[in-house]
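Worksheet: the structure to be examined is printed underneath.
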Amino acid sequence: MKSPICSTSSDEDEYENSAGLEPYCWWRSSAEKFKLECAMLKLYNNLPNVAGLTPRLRVLKELERLALVANEGINDFRQKLVTYRSGDFWMPTGGVPKEKTDIPPVITILLVGFSGSGKSSLVNLMYCVLGRSGLVPFAQTSSGNSPDYTSMFLEEHNVLRSLRSGFCVYDSRGFDYEQMSENIEELSSWMNDGVHHNQLCLRSGDYLLRKDEIEVLMSRSSSKFERRRVNCAMVVANIAEIYKAYKAGNYKPMDAIKELYSSPAFKKCIESPILILTHGDMLSTEERIEGRIKISEWLNISETSGVYDIVCLTEYGFIAEDSDPVSAYALTEAIYRALIISDRAHLPKRSFLDWTILVLSWVMCFIAAFFAFLSEICSKLSNSGGKLKL
């Protein structure tokens, strides 16, 4: 199924051929308004400076870009991801050669978000688009369970289903809007200490679990799984939930996603997390565009760069690539972007001298702490006339 906009041969026709709307081109649903906005986009495209575009027009321009390249571009991106090996997008900087750069064997992309945001559905979509898995669900979602269902583990997914895959995706347990301090603390541990498959994520609210349930959960978790350093993060947000709460005057979801997105834990990455907006199909066209703009403004980020609106159609039994090539292409572009970010952030390997200096610094800190302790003891002895008061 070919998008009519993809069959145009010039920029002039790019925004005019909106007849025969495809279902996945949801932003064209209001034909008359879309034609007017297309004319405005064409006018701005003829100007050397497009900084004057309104946020809405910038979003429409980005959506049209995705529609323009989706059908042909997805195969190119898929081939690049299939053949990707860790470090392929590395570029020489700072005079450090590649062999002296600390490049992990596998790049790790971490998905984080609140419960019900669609992280597991996004993983299933990755399997569908990249791993050619069809409708086989690899990650368990809340759609087939109770609304309060949440995974208790960090799960590693080889979404390419390849033994030579150069990257993996980690699905995480959803956060709770009411426990932001605990959320940020857990996120910091993942970013600082790394993650491993089937890593148990117990929280303060899990005290209601029975002892036998805890034992079953503990039996699945094993430290023998390889611990991986997180190279890039994607924040997954339920745009329908956040927007509806915002319009009802409830700013808690909006504030929570801002606190999560702006967490200092992400400073280990060279760029901000990639924002994935899901469940947009539960909103009208106007609500969907306005929701994207409001969330971007609240997070103080661009509406178009590093933000992707993706419908996880695998939840409803459809193969995304056939029914929604725009979402499928946006997904592959987001992963490609994450890999480029990751390969730009590799640090030089530590040399023997570096390790020696590090060990010596630890020893010096220990000696300093020891003498500080002795100094405190002597001070108390002198103040008590030679008798130490406990």
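A short reminder: the numbers here are calculations on the coordinates, not readings from a lab. From a predicted model like this one, the values you see are computed outputs, not experimental measurements. Cβ atoms come from the backbone with ideal geometry, glycine included; neighbour counts cover every protein chain shown.
At a 10 angstrom cut-off on C-beta neighbours, averaged per residue, how do the peptides 323-329, 63-69, 363-369, 188-194 rank from highest to lowest? Don't jump to the answer; show the numbers that get you there.
On the way: 323-329: 24.6, 63-69: 19.4, 363-369: 10.0, 188-194: 15.1.
Output ranking for 323-329, 63-69, 363-369, 188-194: 323-329, 63-69, 188-194, 363-369.
Between Ile377 and Ser361, how many nm apart are label points set 7 Å from Cα along the C-beta direction?
2.9 nm
Listed here are the pairs Lys119/Lys268; Lys224/Lys349; Lys119/Lys349; Lys267/Lys349; Lys258/Lys349; which of them are more than 27 Å apart at the Cα?
Details: Lys119/Lys268 22 Å; Lys224/Lys349 25 Å; Lys119/Lys349 33 Å; Lys267/Lys349 20 Å; Lys258/Lys349 34 Å.
Over 27 Å apart, Cα to Cα: Lys119/Lys349; Lys258/Lys349.
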